[in-house]
Every structure is written in C-alpha cells, then in structure tokens.
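Readers should treat all values here as calculations from the given coordinates under stated rules, not as data from a laboratory. Keep in mind that what you see is a predicted model, and the values were worked out from it rather than measured. Using ideal geometry, Cβ is built from the backbone for each residue, glycine included, and neighbour counts are taken over all protein chains shown.
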Amino acid sequence: MKECTACNETKSYDEFHRKSYAKDNCQAKCKVCQNKYNTKYRNEIRPDYWNATDGYFSNKDNWKYIAEYRRADKDIIVYLLKIKDWFYVGMTKAKLNVRLRIHKADYKSPLNHGRMPGLHNLWDTMSEDEINESLNSAIILETKAGSRYLGYKTEKKWIQKLKHDGYPLLNDKHNIRQ
Ligand SMILES: [Zn+2]
C-alpha cells in the first residue's frame with residue numbers, strides 16, 4: 001500500500017503507474033491523479049484533438065474522418081509526445097501509429113541510435129513501460145493536406161509556438177535540450 005501525494009488516499013501498488021527509477025518502482029501520484037495531470041497539458045495545448053476518452057476522438061464522426069484520412073495516407077500529421085516532463089514535436093506523412101512504431105524501432109536499432117539524441121538520451125533513462133507510455137501520450141497537433149516541405153514548416157511553427165509558451169522541448173533540430 002502507498003499514499004498518493006495528490007489525493008492522499010492510500011491505495012495498493014497496482015493503482016500506481018510504474019516508474020523505474022523510483023525507490024519503490026511507483027510514481028508518487030496514483031493512476032487516477034496521474035491521468036488527470038496528463039490530460040491537463042493536453043487540454044492546455046490542443047483540447048479538441050486528444051484521442052483519449054474526451055476530446056476530438058471521442059466523437060465517432062471524427063473516427064470516420066480519421067479512417068478515411070488514414071486510407072488516403074498522404075496528409076501531414078504534426079504530433080506531440082510527452083516524455084517525463086519534456087515534450088517532443090514530430091511530423092509524419094505516414095499513419096501516426098506507424099510513425100510511433102518507427103520511433104521505437106529506430107531507438108532500438110544500433111544503426112539509428114543517436115540520430116535523435118534529445119529523445120533517445122531521455123528514453124535511455126526510462127523503462128520499457130515508460131517508453132511505451134510516452135509513445136501512447138501522442139497528441140495530434142494538426143493535420144492538413146500538403147507536401148513534406150509544408151509539413152516541416154508546420155512542425156516548425158508548432159515547435160516555435162510551444163517553445164514560446166514555455167514547454168520544454170526535446171527536438172534536436174530546432175531546440176537542443178538544455
Ligand atoms: Zn491519487
């Protein structure tokens with residue numbers, strides 16, 4: 001049993017997310033409180049687009065759009081990952097779930113390792129569960145039709161916006177981790 005630092009309720013260990021570097025392998029906040037905290041930043045940045053129980057993807061009509069969109073598989077997706085207290089902005093013209101799997105494969109591959117030091121160095125300090133959790137945190141920031149060039153411009157726009165708003169970013173190209 002463990003007391004949650006947010007709601008102060010005493011709960012069993014499986015009601016806490018795992019955290020590899022903590023003494024008892026658990027986060028300080030219980031899952032309910034941690035999830036509330038996680039939705040807070042989503043709501044601040046892009047409340048209409050988050051794909052959890054509330055927000056953009058809770059509307060079934062939007063699922064239809066996404067299904068069609070995925071079939072077309074040509075549009076730009078700019079997405080945001082939350083990794084611990086850091087954020088990473090990415091852009092893809094592939095399906096988002098495919099891009100996220102590629103992120104993980106790149107990270108695991110000895111050939112590609114180090115290509116994205118900001119993201120990969122932080123993942124090095126994290127457990128497999130935590131890495132998966134960071135990939136599952138993906139929010140779509142913006143989708144639009146257009147070229148890869150426009151995609152990078154859109155990605156850069158979001159990087160600059162989030163940086164301006166004070167979010168710590170892991171992006172190497174535009175914003176080196178301090
Ligand atoms: Zn709690």
**Message:** Taking 37 °C and 0.692 mPa s as the conditions, I'd like the Stokes-Einstein D for region 76-164 in µm²/s, using the Kirkwood hydrodynamic radius from alpha carbon pairs.
**Reply:** 243 µm²/s
**Asked** Taking a threshold of 18 Å on the Cα-Cα distance, which of the pairs LYS82/LYS144; LYS19/LYS82; LYS11/LYS31; LYS40/LYS93; LYS36/LYS163 fall above it?
**Response** LYS82/LYS144; LYS40/LYS93; LYS36/LYS163
**Item:** Ascending count of other beta-carbon atoms within 10 Å, so fewest first, for VAL89, VAL98, VAL78, VAL32
**Value:** VAL98, VAL32, VAL78, VAL89
**Complete:** A correct fewest-to-most ranking of HIS103, HIS120 by other Cβ atoms within 10 Å would be HIS120, HIS103
**Prompt:** How would you rank 130-141, 156-167, highest first, on the average number of other Cβ atoms within 10 Å across their residues?
**Reply:** 130-141, 156-167
**Item:** Part-to-part distance (alpha-carbon centres) for region 91-108 and region 121-136, which is given in Å
**Value:** 14 Å
**Asked** Where does each of THR125, THR39 land when they are ranked from fewest to most other beta-carbon atoms within 10 angstrom?
**Response** THR125, THR39
